[in-house]
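The values are calculated or read from the model by the stated rules, or taken from the named source; none is laboratory data. None of these values were measured; they are calculated from a predicted model. Cβ placement follows ideal geometry from the backbone for every residue including glycine, while neighbour counts extend to all protein chains displayed.
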Amino acid sequence: MTLRKIVTTILATLLLQCSAIALAVQNIPPPQLEVEQITRQLLSTFQNNIESYQKNDTAFLQEIDRQLSPVVAFDEIARSVMGRYARTATPAQLTQFSKVFKDSLISFYGRALLALDNTQAFIERVAPVPESVLRDYQSGKSRLVPVNMTARTSSGTVAITYSMVFLNGRWKLRNIIVDGINIGIQFRNQFAAGMSQHNNIQYVIDHWSQLMQGVAVDKSSKKS
């Protein structure tokens, strides 16, 4: 193959790759649509059924699970929360913590909403994601796509940033920042603190719900 043919082949390959990236970006729906849809749906479900859910919080937690499971990357978030300890955890421990983390997060989130009582919460604005940000994500220059949203309650305005990833054909939540507080980092710090105190991955996993809420746990139940 001559040098000219080699150069032509390389240029053609690069052009096809760029075209594929551009096409993929065009075919992927903007993540803010997913964020706005699921948030509105969840708030509407809560506000339309608040009295019955306050009497039966289990039903509300089941509904949150149903709505959030398809759009939250719980497995990826759980691994991130474990941080460097995920590398030494067994496959069974990774699976267990993913479930424990999901259940505790849904419970925490659901009961926080129920504590709002009759407070009205609504979306004020969801900012569009620039095409340049989507292109950077699709080309591998960034791992997450931020979606900025402001919500309003009777207590005031809350600034929220959802970190999104595109998995299995749809956008999924990978992290959340509320008024500048990175929730993922907060959970990761809690897991690290649990490991620093107990030095036992299984123990931290088994007691994650209590540790997440800052509840003291019985050290006599510590497992090896």
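Scanning region 102-154 for residues that are outside any strand (DSSP E or B) and either of a type outside the set (Phe, Trp, Tyr) or modelled with pLDDT of 90 or more (or both) yields a total of 37. Looking only at region 54-66, residues that are touching a residue at least 12 places away in the same chain (Cβ under 8 Å) and closer than 19 Å to Ser104 by Cβ come to 6 in all.
Residue check: is Val204 at pLDDT 90 or above, over 30 Å from Val35 (Cα atoms) and not in a loop (DSSP other than H, G, I, E, B)?
yes
Taken over region 207-224, the criterion of being at pLDDT below 85, of a type in the set (A, V, I, L, M, F, W, C) and under 21 Å from the mean Cα position of the chain (by Cα) is satisfied by Met212 alone. The set of residues in region 181-207 being exposed (fewer than 13 other Cβ atoms within 10 Å of the Cβ) and over 18 Å from Arg84 (Cβ atoms) consists of Ile181 alone.
I'm trying to understand the selection: among the residues of region 160-180, which are touching a residue at least 12 places away in the same chain (Cβ under 8 Å), of a type in the set (Gly, Ala, Ser) and loosely packed, with under 14 Cβ neighbours inside 10 Å?
Scanning region 160-180 gives a single hit, Gly180.
Residues are listed down the side, and each one gets a yes or a no for (1) under 20 Å from Ile77 (Cβ atoms); (2) touching a residue at least 40 places away in the same chain (Cβ under 8 Å); (3) in contact with a His (Cβ under 8 Å, 6 or more places away or on another chain):
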| residue | (1), (2), (3) |
| --- | --- |
| Val126 | no, yes, no |
| Glu131 | no, yes, no |
| Asp136 | no, no, no |
| Met149 | yes, yes, no |
| Ser155 | no, no, no |
| Gly194 | yes, no, yes |
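As a summary of the residue check, Asp75 satisfies the conditions (1) under 17 Å from Trp171 (Cα atoms); (2) in a loop (DSSP other than H, G, I, E, B) except for the one numbered (2).
Would you check if Ile185 is part of a helix (DSSP H, G or I), under 30 Å from Ile28 (Cβ atoms) and without any contact (Cβ under 8 Å) to a residue 40 or more places away in the chain? In short, yes. Residue count for region 84-99 under the criterion of being in a helix (DSSP H, G or I) and surrounded by fewer than 15 Cβ atoms within 10 Å (Cβ to Cβ): the result is 6.
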